Amino acid sequence: MRKRLLSLFLTATLATALTGCGGAEREADTTDTTGWTVRQMAEAILASQDAPPEMTELLPGENLYGTYLSVSYGLTEADVADGVILAAGGTSAQEIAVFRLTEAADGQAAETLETYLENRAGSFTGYLPEEAALLENAAVASRGEYVALLACQDVTAAEEAFERCFIDPPPEDSEEAALSPEEVPAGEPETSAAEQAVPAEEAETPAAAAEQPEAGPAAEEPPAAAVPPTPEAPQDDPWRYDEARLLSAWSAGDWSGLAAEDQAILDACAEVIAGVVPADGSAYDQELAVHDWMVAHGRYDPNTLSQLPDFQENPNNDNPYGFLVDGVGICLGYTRTFQLFMDLLGIECITVEGTAHSGTADHAWNQVRLDGEWYCVDVTWDDPTTYGTVSEQTAHRYFNVTSAHMRNTDHQWDEASVPEALGTVYAWGR
């Protein structure tokens, strides 16, 4: 991430570039009084981008705004007098926020936002390389009492748009002008974007209610005969993934008495092993077949990267049911699925739970033992979510590599708890 705090005074070059329409240079306004609202500033920054994604607008008074402010950004309401947040959500890391700070702010707001960007990049590292790079290139701009977080495609254009808010007059046709008190019917309460999005059929309006015929005296009806409830199968505790339970059923050759989720997992495993894994192949051949099938079949759960509530992550993305049945998983879902396949095939394998992005993000991967030598396998990072098909080389960057390779590619773990992976004979492309 570029840590750039813009100067309180424009350079001569920028002042020349931002001249008025009449051709005469305007002197840069170095005061903190702009006449712009933070919402207008955020809209101007967004407008500077070429084909930006659809953004969700968060404003003061909304619960999610407060959550972003305190939990995500690490700011307090006492530090912020006004603000607006534009977040893309989903698999997009693009985000624009503008805040007007209070006199009580301790001057650390810009640094706090920089820390947020650094940590946020860790959420995308290895999974969405393009979005991680966008966050690494993001900037925080500061001028007087205003600070802006700029995580977007064209950071330079965003910075220039932010600076123009201190030179140009605010737009007259802004959304605030369109919603002036003169144009809002007196006494009509404002509605939030979420309320406006409620389908008409889900909310009965007063007009619709008025069209309903008035209910007359209730006619007496004979009491309805009691209908006995349909018997339901006894409900166990909420299902939880347990590999030992699955291995026991697999060994017995019968999993008909298991929960539906367990049966679905083993059915999927049986289908893959019968149709994809070479029965007479070596342990390496079988491991490679499973790895390549997983890369082709699943994808990282994109909704787990979003901080917006309308993107709900899969509840089983950390276990094989989410990966095998729903086709999505997080690193632990990938790792547990690979572990299960290796155990079913009798290939020695362990799961390593560690971190990535300089220790700021939880991560997990596997190690397999082939002919007495250990190898590391990170199926998750071999399956990056991108805007196109990954190459064969990219899909095997972390297949049967050494521990040294993992150290050099931003993996951290308790090295005393797992064996050192030194094997090279079964590296991919050998």
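None of the figures in this text is laboratory data; all of them are computed from the coordinates on show. Note that this is a predicted model, so its numbers are computed, not measured. Don't worry about glycine lacking a Cβ; one is built from the backbone with ideal geometry, like all the others, and counts go over all protein chains shown.
A few points about this structure:
- Set against the 2.2 N^0.38 Å expectation for a compact globular protein, the stretch 236-374 has a Cα radius of gyration ratio of 1.09.
- Residues Asp154 and Thr409, FRET efficiency given R0 of 45 Å [Cβ-Cβ distance, rounded to 0.05]: 0.95
- Loop sites in the stretch 358-427: GluC sites (Glu not before Pro), DSSP, at most 16 other Cβ within 10 Å: Glu392, Glu415, Glu420
- Residue-count net charge about Gly372 - beta-carbon cut-off 14 Å; Lys, Arg +1, Asp, Glu -1: -3
- Between the stretch 59-113 and the stretch 239-275, the alpha-carbon center distance in angstrom: 46 Å
- Three-way shape call for the stretch 272-323 based on the alpha-carbon gyration tensor, with the a/c threshold at 1.5: prolate
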